[in-house]
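Here the structure is laid out as C-alpha cells; the discussion comes afterwards.
The values are calculated or read from the model by the stated rules, or taken from the named source; none is laboratory data. Just so you know, these numbers come straight off a predicted model, no measurement behind them. Neighbour counts are summed over all protein chains in view; Cβ atoms, including those assigned to glycine, are modelled from backbone coordinates with ideal geometry. What goes into the accessible areas is simple: the full protein's heavy atoms, side chains included, and nothing from ligands, DNA or RNA. Shrake-Rupley method; radii C 1.70, N 1.55, O 1.52, S 1.80 Å.
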Amino acid sequence: MNGLVLGLDIGIASVGVGILEKNSGKIIHANSRLFPAATADNNVERRKNRQVRRLHRRKKHRGVRLKDLFEDYGFLTDFSKVSINPYRLRVDGLNQQLTNEELFIALKNIVKRRGISYLDDASEDGGTVSSDYGKAVEENRKLLAEQTPSQIQLERFEKYGQVRGDFTVVENGQKCRLINVFSTSAYRKEAERI
C-alpha cells in the first residue's frame, strides 16, 4: 500500500520494532524496549492474588444467591429483632424451628464458610497424618461422628472465646492445635437438618 514493512520482535524481556522501505530495504525506523523478564515468583504472586479475588467473589455471590432465594419465596423480613450468635442459631435450628430471619442468618453463616470439598476424598484414603494441621483435621473428623460443625464451633467459642482461624490451646498439659476446617458434606448435612 504505502511501500513500508513493519517488523516486530517480541521476546520475554524486550520488544523490538523496525520499519523498512519495501523496495529499497532502507531502514526508516528501528527501536527496542527492554523490561524486566517475568519470573516464576511474579507468576506465583499474581496467581495467589487472583485466587483470593475469586474466593471473595464466590463467597459474596453465594450470599447474594441465598438472599435472592429468600426474597423469591417472600421469607425476608426484619433483621432488627435478631442479634444472636450465628453458631448458637445453627445449634438451636437442629432441634427447633427457627424464624425466617434466624434461618437466613444460620444458612448465610454456613454458605460464607461452606467447607472444604477435598476433605471428603481425604477421609477415604485412611492414611496416617503426621503434621499438626493433619492431626487437627483428623480431630475434627472424629468429633463430626457425634456432632455437627456448629456444635463443635459453638463449644469452642464458649470454651476458648474463638472459633475462626488456627489457634493452639493447652489441655491436660499438652498443646492442642485447633483449626476450624470441616468438610463440605458436614456443612451440607447440617444445613439439611436445620
Worksheet item: With labels modelled as points extended 7 Å from the Cα through the Cβ direction, what inter-label distance (nm, one decimal) is found for His56 paired with Ser185?
Response: 3.3 nm
Discussion item. As a test question: what accessible area, to the nearest 10 Å², does Thr184 have when a 1.4 Å probe is rolled over all protein chains in place?
Written reply: 30 Å²
Fill in: Cα-centre dipole for the chain with unit charges at Cβ (Lys and Arg positive, Asp and Glu negative), debye to 20
680 debye
Worksheet item: What trypsin sites (Lys or Arg not before Pro) does the stretch 1-107 have in DSSP loop regions with at most 15 other beta carbons within 10 Å?
Response: Lys22, Lys26, Lys81
Worksheet item: Between Ala37, Leu69, Gly93, whose Cα lies farthest towards the positive end of the dipole of the chain when Lys and Arg beta carbons carry +1 and Asp and Glu beta carbons carry -1, centred on the Cα centre?
Response: Ala37
Worksheet entry | Probe 1.4 Å - accessible area at Glu71, Å² to nearest ten | 90 Å²
Practice prompt. Tell me, rounded to the nearest percent, the portion of alpha carbon pairs in the chain spaced more than 20 Å apart.
Written response: 70 percent
Fill in: Surface accessible to a 1.4 Å probe, Asp72 within the full protein complex, Å²
120 Å²
Worksheet item: Hey, in the GNM for the chain with a 10 angstrom Cα cutoff, which one of Ala38, Ala136, Ala145 fluctuates hardest?
Response: Ala38
Practice prompt. Could you pull out the pairs from Lys60/Lys135; Lys48/Lys142; Lys108/Lys135; Lys108/Lys175; Lys60/Lys159; Lys142/Lys175 whose alpha carbons sit more than 26 Å apart here?
Written response: Lys60/Lys135; Lys48/Lys142; Lys108/Lys135; Lys108/Lys175; Lys60/Lys159
Fill in: Length added when fully stretched, Glu155-Leu34, from 0.36 nm per residue minus Cα-Cα
37.6 nm
